[in-house]
Amino acid sequence: MSRDLCVHTWPCSYYLELEKRWVPGKLWLTSLSLKFLTDKTGDFLVSFPLADIIEIKKEASNFIFSSVTILEKDHVKHWFSSLQPSRNVVFHIIEHFWRELLLSQPGAAVEASSSTMTKGKELTGLMACSQKRLEDAARVLHYQGEQLDSITSSLDNMESDLDVADRLLKELESPSWWPFNFKLWKMPSDTSSKAGSSMASTKALGKEGIVIKIPAVISQGTESHVKPGRLTILVSGLEIHGPNSLLLHRFEREDVDDIKVHTHYEVSIRQRFIGKPDIAFRLISAKMPQVIPILEMQFSKKIEFLEDALMLRSTGTSSPAEKGYSVWQAASRPMDCDRQREASSGSQDGRLLQLQMSEPLISEEDTQELRQILGKLKGLALDAEAELERQDEALDGIATAVDRATLTIDKHNRRMKKLT
């Protein structure tokens with residue numbers, strides 16, 4: 001299936017230079033190309049790849065009508081006007097996808113123009129995608145381990161504070177003629193400052209736990225006002241930045257109420273309130289397919305895939321596992337056909353052998369690259385397993401420390417009630 005997925009469509013008009021008139025229709029933006037579909041005939045009047053675009057500008061036709069002009073490599077200029085919901089929205093989204101395509105790997109433009117790809121290259125791409133997913137999961141696991149270590153140190157500080165409280169209670173429970181020590185009364189304030197510093201360090205650690213950053217086109221409230229910005233996924237939440245890296249809003253992990261995946265490239269994030277308007281952002285990004293699996297992992301109970309996104313997930317374009325299955329199935333299909341032919345007639349063995357020798361399924365270069373990627377995947381999996389075992393031990397220690405602290409606090413509360 002083609003990777004040229006539809007990102008968005010807008011009602012607009014296209015100017016026909018030869019006939020000197022405007023044609024109503026819809027502007028289609030896909031991940032790799034830009035098309036114009038006429039309302040009258042339902043045919044694509046214009047279609048060109050994003051890689052061939054030289055310039056995108058905002059202009060005015062006849063000094064009145066606001067338009068978006070696109071200049072191709074052959075110096076062919078296209079005029080689009082009457083854009084809905086607004087010219088700025090269409091301009092920012094098209095410019096974003098065009099820039100991201102140009103800034104992506106050098107083979108992206110070539111891949112957009114040529115649909116043929118060897119099975120070895122497809123397998124290498126799938127394995128590289130799996131490696132990136134595993135690296136993202138390992139990064140999240142690493143920051144989770146650091147947070148567990150911070151919780152352990154905070155519990156140790158709490159135990160030391162409880163020891164101080166125990167000594168103070170012993171002093172209060174002693175006879176009235178027993179002299180009190182001034183230093184003992186000062187120790188709780190020192191320990192509280194230590195606890196505050198540990199909590200501050202924990203918060204700072206969560207803020208620095210960046211998982212991924214992607215550029216995006218952001219809208220808040222109405223869709224007619226958009227601005228370029230950035231989405232940052234943290235271990236502890238989400239951050240949305242506007243132009244000039246200005247922080248628009250920070251969602252803590254527990255503050256996010258729902259995330260809706262509208263398409264392969266568009267999501268919306270919302271935080272509900274009672275008695276005041278909700279905080280909601282809508283984001284479109286060319287790199288959103290890299291972010292959606294991470295959001296699904298962090299907010300598994302709050303994410304919702306809408307109809308268009310579910311259709312994309314059901315196809316092989318959005319699921320690496322299904323892609324891998326289809327490629328392996330395609331690689332094994334010639335072998336099954338050969339077996340059937342061999343069973344039907346044995347005279348074709350020589351011809352099949354020559355075919356296999358002349359056209360190998362995977363080249364030697366692809367085999368070497370696959371071997372390297374598999375080695376990295378194995379190392380990442382072993383490191384993740386070791387980290388999970390360490391975190392399991394840390395969680396057991398945290399559970400024991402919490403139980404011990406709870407019992408001590410209950411005992412101290414009973415002793416304080418006797419004193420009052």
Taking only the stretch 1-21 into account, find how many residues are buried (at least 18 other Cβ atoms within 10 Å of the Cβ), under 17 Å from F97 (Cβ atoms) and either of a type outside the set (A, V, I, L, M) or at pLDDT 90 or above (or both).
3
Within the stretch 153-172, the residues that are touching a Leu at 6+ places or on another chain (Cβ under 7 Å) and buried (at least 16 other Cβ atoms within 10 Å of the Cβ) are L168
Checking F44 against (1) over 19 Å from P85 (Cβ atoms); (2) within 31 Å of the chain's Cα centre (by Cα); (3) hydrophobic (A, V, I, L, M, F, W, C): exactly one of these is not met. Which one?
(2)
Does any residue of the stretch 133-152 turn out to be of a type outside the set (S, T, N, Q), modelled with pLDDT under 80 and open to solvent by 80 Å² or more (accessible area, probe 1.4 Å)?
yes
I'd like the full set of residues that are in contact (Cβ under 8 Å) with a residue 60 or more places away in the chain, within 22 Å of Q131 (Cβ to Cβ) and open to solvent by 60 Å² or more (accessible area, probe 1.4 Å), limited to the stretch 384-403.
L388
Residues being crowded, with 17+ Cβ neighbours inside 10 Å, hydroxyl-bearing (S, T, Y) and over 29 Å from the mean Cα position of the chain (by Cα) - total across the stretch 27-39
0
Residues (more than 29 Å from L155 (Cα to Cα) and among the small types (G, A, S)) located in the stretch 372-402
G375, G379, A381
Check L370, L374, L407, L380 and return the single one that is under 24 Å from the mean Cα position of the chain (by Cα) and over 18 Å from R139 (Cβ atoms).
L374
Give P85, P24 a once-over and let me know the one that is surrounded by fewer than 16 Cβ atoms within 10 Å (Cβ to Cβ) and under 28 Å from the mean Cα position of the chain (by Cα).
P85
Residue hits (the stretch 303-326; at pLDDT 70 or above and crowded, with 16+ Cβ neighbours inside 10 Å) are I303, F305, A309
Would you mind telling me which numbered condition in (1) under 15 Å from I93 (Cβ atoms); (2) at pLDDT 90 or above L32 fails?
(2)
State whether the residues of the stretch 353-366 include one that is at pLDDT 85 or above, polar (S, T, N, Q) and in a helix (DSSP H, G or I).
no
Could you check G107 against (1) at pLDDT 75 or above; (2) open to solvent by less than 50 Å² (accessible area, probe 1.4 Å); (3) not acidic (D, E) and say which number it fails?
(1)
Of all strands (runs of 3 or more DSSP E) completely enclosed by the stretch 218-295, which ones contain at least 3 residues that are crowded, with 16+ Cβ neighbours inside 10 Å and in contact with an Asp or Glu (Cβ under 9 Å, 6 or more places away or on another chain)?
226-234, 247-252, 258-263, 266-271, 279-284
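The values are calculated or read from the model by the stated rules, or taken from the named source; none is laboratory data. Just so it is clear, the model here is predicted, and its values are computed rather than measured. Cβ: placed from backbone, ideal geometry, glycine included. Neighbour counts: every protein chain shown. Accessible surface areas use protein heavy atoms only, side chains included; no ligands, DNA or RNA. Shrake-Rupley method; radii C 1.70, N 1.55, O 1.52, S 1.80 Å.
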